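A.B. asks: Sharing a structure with you now.
The values are calculated or read from the model by the stated rules, or taken from the named source; none is laboratory data. Model, not experiment: these values are computed from the prediction. Here the Cβ positions follow ideal geometry from the backbone for every residue, glycine too, while neighbour counts run over all protein chains shown. These area figures cover heavy atoms from the full protein model, side chains too; ligands, DNA and RNA do not enter into them. Shrake-Rupley method; radii C 1.70, N 1.55, O 1.52, S 1.80 Å.
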Protein chains: 2
Amino acid sequence: MITSASNNRIKELSSLLEKSKERSRAGVYVIEGPRMYEEAPVFDLREVYVSESFASKEKNRELLEKHDYEVVADPVFKKLSATQNPQGILAVMAQPVYTLNEVLAGEAPLLLILEDLQDPGNLGTMIRAGEGAGLSGVILSKGCVDIYNPKVIRATMGSIFRIPFVYTEDLAETIRQVKEAGVKTYAAHLKGTAAYETFTFTEKSAFLIGNEGNGLTDEIANLADSYLKIPMLGKVESLNASVAASVLLYEAARQRRSV
Amino acid sequence: MITSASNNRIKELSSLLEKSKERSRAGVYVIEGPRMYEEAPVFDLREVYVSESFASKEKNRELLEKHDYEVVADPVFKKLSATQNPQGILAVMAQPVYTLNEVLAGEAPLLLILEDLQDPGNLGTMIRAGEGAGLSGVILSKGCVDIYNPKVIRATMGSIFRIPFVYTEDLAETIRQVKEAGVKTYAAHLKGTAAYETFTFTEKSAFLIGNEGNGLTDEIANLADSYLKIPMLGKVESLNASVAASVLLYEAARQRRSV
């Protein structure tokens with residue numbers, strides 16, 4: 001059992017939870033909680049840490065048969081957790097590596113293309129809600145928040161394990177490749193005059209979503225095949241990015257159900 | 001100028017920001033930032049506090065003509081703010097008092113009925129997204145988060161000033177009154193078998209949304225005229241409450257646009 005917060009593995013785990021660079025250098029990320037652990041693909045598991053009290057509970061026995069684990073004294077474990085109520089189990093996972101072809105796979109992919117999205121909760125919520133709507137992949141500009149940020153991971157509620165994604169150094173070039181693959185690209189944009197539901201999303205489709213404060217840059221918006229509008233009543237000028245993405249993806253899902 | 005954090009008004013302001021009971025006792029709430037202040041109804045403004053540096057900026061002069069204000073030394077102001085980056089202006093506002101009749105007003109009201117919703121970000125996001133979709137009022141069980149929590153206020157981005165709402169001690173009884181007023185009530189529920197878009201929301205409609213962890217209680221769900229399903233693909237078992245509410249409200253908006 002690990003009983004000291006100055007144990008090297010504990011220190012490394014801390015820095016993996018806190019620092020995007022460390023995660024990237026090591027090619028891993030950290031998940032928290034029994035629910036995430038249950039859904040985690042076993043072949044990506046590298047290391048598992050459980051608190052002493054978690055390890056001692058009968059109800060956790062079956063879950064703990066999934067992989068070898070290291071027990072950590074409760075006070076040390078508590079310091080590690082990114083949340084106020086630590087859930088007793090943390091796992092270090094290998095970062096999956098997806099290609100653009102995997103993101104574009106399938107007969108009628110439904111994609112999100114994200115430019116400089118900053119809020120981890122928004123990104124996680126989009127992926128979770130998106131999976132429900134049939135989201136098949138995500139393309140992120142290199143200026144987006146780190147998808148392995150613990151807040152993103154938590155908000156995905158496990159969808160992170162199932163939705164392929166790629167970061168791109170050159171978003172414009174990647175969008176050109178996406179369009180060459182026959183995907184229609186739609187930008188929610190002030191220039192849009194037609195309501196989103198007047199477009200047909202039953203074929204290969206991608207929604208371009210911009211930064212929370214600034215929206216899409218002109219360079220990226222100009223690449224879209226169509227601008228669309230999410231009509232807004234009252235004095236609302238914009239929607240939360242995860243709400244906008246969800247409304248568009250569920251409209252695509254609605255249309256795809258009725259085909 | 002207020003230069004001491006032990007000034008009585010500063011202490012009161014702190015407790016209004018932190019404590020629901022204090023807000024309720026005084027019948028007020030606190031808004032933060034120039035954008036919220038700009039949209040705030042002037043007849044509800046009670047007191048305005050600005051940081052010394054905010055008060056000294058030429059670009060803020062016009063905004064500061066809206067109401068009398070008290071200048072607060074920067075270090076004292078910084079301690080007051082609920083956010084890490086204080087925006088230089090705080091205002092104490094009178095809590096509006098709405099009746100159920102006001103919430104039900106209009107030819108075809110579009111309502112949210114919330115049971116024990118806990119997350120302030122969810123509530124604020126629903127109200128903001130809802131206003132854009134034509135939400136006309138909100139009914140909250142007394143077990144819901146305080147709508148005047150600064151995190152709710154911030155997430156509404158000003159919609160709090162425009163959407164009427166009521167808290168009810170007896171949610172079941174209030175739902176009966178809503179139904180007597182001719183409003184059709186829809187519960188997103190596991191018992192729902194038909195996808196939400198197969199219902200018609202162009203007449204008086206209300207969506208029942210439950211607690212984030214537990215959903216609607218049976219008692220409340222049983223009162224709904226219809227159960228509906230938000231179909232979910234992949235392994236997604238539920239949606240974030242604000243995403244679910246937004247998907248339903250934007251479907252209502254879509255139907256209402258095409259009438």
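A.B. asks: How much accessible area per residue does the protein assembly as shown have, counting only protein heavy atoms and a probe of 1.4 Å, in square angstrom?
C.D. replies: Values: 23520 Å² over 518 residues.
Here the per-residue accessible area is 45 Å².
A.B. asks: Check B:R46: other-chain or 5+ apart residues with amide H under 5 Å from its amide H, H built from backbone geometry?
C.D. replies: B:V92, B:M93, B:A94
A.B. asks: If you look at just the Cα atoms of the stretch B:90-193, how large are its Rg and its Dmax in Å?
C.D. replies: Both quantities, over Cα of the stretch B:90-193: 13.6, 48 Å.
A.B. asks: Shifting gears a bit: Straight distance only, please: which aspartates and glutamates reach the Cα of A:K142 with their own Cα at less than 20 Å, same-chain residues fewer than 8 apart left out?
C.D. replies: A:E18, A:E22, A:E102, A:E115, A:D116, A:D119, A:E169, A:D170, A:E173, A:E212, A:D218, A:E219
A.B. asks: Pairs B:K59/B:K79; A:K235/B:K19; A:K19/A:K151; A:K66/B:K235; A:K229/B:K184: which exceed 18 Å Cα-Cα? Mind dumping the intermediate values first?
C.D. replies: Values: B:K59/B:K79 24 Å; A:K235/B:K19 29 Å; A:K19/A:K151 12 Å; A:K66/B:K235 20 Å; A:K229/B:K184 29 Å.
As for pairs spanning more than 18 Å Cα to Cα, those are B:K59/B:K79; A:K235/B:K19; A:K66/B:K235; A:K229/B:K184.
A.B. asks: Separate question: Given the convex hull over the Cα atoms of the protein assembly as shown, what projected area results after averaging over all orientations, in nm²? List each step's numbers first, then the result.
C.D. replies: Numbers: hull surface 106.0 nm².
Orientation-averaged projected area of the Cα hull: 26.5 nm².
A.B. asks: Can you run phi through the Karplus equation (6.51, -1.76, 1.60; θ = phi - 60°) for the stretch A:207-219 and list ³J(HN,Hα) in whole Hz, with x for Gly and Pro?
C.D. replies: 9, 8, 10, x, 4, 4, x, 10, x, 6, 5, 4, 4
A.B. asks: Now for a different question. Can you list residues whose amide H is under 5 Å from A:I113's amide H, if they're 5+ apart or on another chain and H is modeled 1.01 Å from N?
C.D. replies: Here A:I139, A:F207, A:L208, A:I209 satisfy the definition.
A.B. asks: Also, I was wondering about something else. Under the Kirkwood approximation for Rh and a Cα-based Rg, what ratio Rg/Rh is obtained for the stretch A:100-257?
C.D. replies: Details: Rg = 14.1 Å, Rh = 15.3 Å.
Rg divided by Rh gives 0.92.
A.B. asks: Between A:T193 and B:L100, take the C-beta separation as r, use R0 = 41 Å, and let me know the FRET efficiency to the nearest 0.05. Please list the in-between numbers first.
C.D. replies: Details: r = 39 Å, r/R0 = 0.94.
About 0.60, to the nearest 0.05.
A.B. asks: Work out from phi, with θ = phi - 60° and the Karplus expression 6.51 cos²θ - 1.76 cosθ + 1.60, the ³J(HN,Hα) of each residue of the stretch B:247-259, listed in order in whole Hz, and give x for Gly and Pro.
C.D. replies: 4, 5, 5, 6, 5, 4, 4, 4, 5, 5, 5, 8, 6
A.B. asks: Per residue of the stretch A:121-133, in order, report the coupling 6.51 cos²θ - 1.76 cosθ + 1.60 (Karplus, θ = phi - 60°) as ³J(HN,Hα) in whole Hz, putting x for Gly and Pro.
C.D. replies: x, 4, 5, x, 5, 4, 5, 5, 5, x, 3, x, 8
A.B. asks: From Cα pairs below 8 angstrom and at least 6 apart in sequence, can you work out the relative contact order of chain B, rounded to a whole percent?
C.D. replies: Working: 454 pairs, mean separation 48.8, N = 259.
About 19 percent, as a whole number.
A.B. asks: May I ask you to derive the relative contact order of the stretch B:8-94, considering only C-alpha pairs under 8 Å and at least 6 residues apart, and to give it as an integer percent?
C.D. replies: On the way: 112 pairs, mean separation 36.9, N = 87.
Relative CO of the stretch B:8-94 lands at 42 percent.
A.B. asks: Percent relative contact order of the stretch A:109-187, based on C-alpha pairs within less than 8 angstrom and at least six residues apart?
C.D. replies: Details: 113 pairs, mean separation 27.2, N = 79.
With pairs under 8 Å counted, the relative contact order is 34 percent.
A.B. asks: Here's a follow-up. Quick check: at a probe of 1.4 Å, how many percent of the accessible area of chain B sits on carbon and sulfur atoms? Display every interim value, and only then the final one.
C.D. replies: Details: 5510 of 11770 Å².
Its accessible area is 47 percent carbon and sulfur atoms.
A.B. asks: Let me have the 222 nm mean residue ellipticity of the protein assembly as shown computed from DSSP H runs of 4+ only, each contributing -39500 (n - 2.57), with the sum over all residues rounded to the nearest 500.
C.D. replies: Values: 24 runs with 192 residues, N = 518.
Here the helix-only value at 222 nm equals -10000 deg cm²/dmol.
A.B. asks: Per-residue counts of other Cβ atoms within 10 Å, averaged by peptide: what ranking do you get for A:233-246, A:56-69, A:11-24, B:45-58, highest first? Could you put the intermediate results ahead of the total?
C.D. replies: Values: A:233-246: 21.6, A:56-69: 12.4, A:11-24: 15.6, B:45-58: 17.2.
The peptides rank, most packed first, as A:233-246, B:45-58, A:11-24, A:56-69.
A.B. asks: Looking only at other chains, what is the average number of their beta-carbon atoms within 10 angstrom of each beta-carbon in A:227-234?
C.D. replies: On the way: counts 0, 0, 0, 5, 7, 6, 10, 12.
If you average over the peptide's residues, the count of other-chain Cβ atoms is 5.
A.B. asks: Evaluated at 25 °C with a viscosity of 0.890 mPa s, what Stokes-Einstein diffusion coefficient in µm²/s does the stretch A:8-94 have when Rh comes from the Kirkwood expression over alpha-carbon pairs?
C.D. replies: The Stokes-Einstein estimate is 189 µm²/s.
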